[in-house]
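Heads up, the thing below is written out as structure tokens.
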Amino acid sequence: MQKFLTFAALILLVGCNGVDPGKKDEPVEITGKVTQNGKPVTGVVLNLQVLTTGTPAAIPLTANEFKFQATPGNYTWYITEGKNAAAYKSVPAAYREGAMDRTIDIGTNKNFDLKIQ
């Protein structure tokens, strides 16, 4: 019985360290802009795809800049069609899906200048 209690206590100490593995950080406000060849991109949707931690997001780009609540984490970003089909068609195919060479880390950095080339 003593061995069982020792084992159970060890499991509690190691496995229950007070951290909830399913708990996510509180969202933070992020701001930024998306430009293509130096001009603002509007009428499309900026998508954040989770790489390691975070919560997926879709941010409609309706003005020169965006402001949005996002969960801290690591993301890749890409563009999908929004209200302006012509603006979406001008986005190169490489920017229509996530890519490992196009990532952002929301945490200490909360302002982004994303460029489509």
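Could you work out the local net charge near LYS39, counting Lys and Arg as +1, Asp and Glu as -1, over the other residues with Cβ closer than 14 Å to its Cβ?
Here the charged neighbours net out to 0.
If you take the Cα atoms of segment 22-116, find Rg, then find the Kirkwood Rh from the mean of 1/r over all pairs, what is Rg/Rh?
0.95
Leaving out same-chain residues fewer than 8 places away, which aspartates and glutamates sit with a Cα under 18 Å from that of LYS115?
GLU65, GLU81, GLU97, ASP101, ASP105
I need the fraction of alpha carbon pairs in segment 48-91 separated by more than 14 Å, rounded to a whole percent.
Roughly 55 percent, once rounded to a whole number.
With θ set to phi - 60° and the Karplus curve 6.51 cos²θ - 1.76 cosθ + 1.60, what are the ³J(HN,Hα) couplings of segment 65-78 in order, to the nearest whole Hz, using x for Gly and Pro?
10, 10, 9, 7, 8, 9, 6, x, x, 10, 9, 9, 10, 7
When only C-alpha pairs under 8 Å and at least 6 residues apart count, what is the relative contact order of segment 22-116, in percent?
36
Quickly work out the GLU81-to-THR31 label distance, labels modelled 7 Å from Cα along the C-beta direction, and quote it in nm with one decimal.
Taking the two extended label points, one gets 3.3 nm.
None of the figures in this text is laboratory data; all of them are computed from the coordinates on show. Please read all numbers here as calculations on a predicted model, not as lab measurements. With ideal geometry, Cβ positions are generated from the backbone for all residues, glycine too; neighbour counts draw on all protein chains shown.
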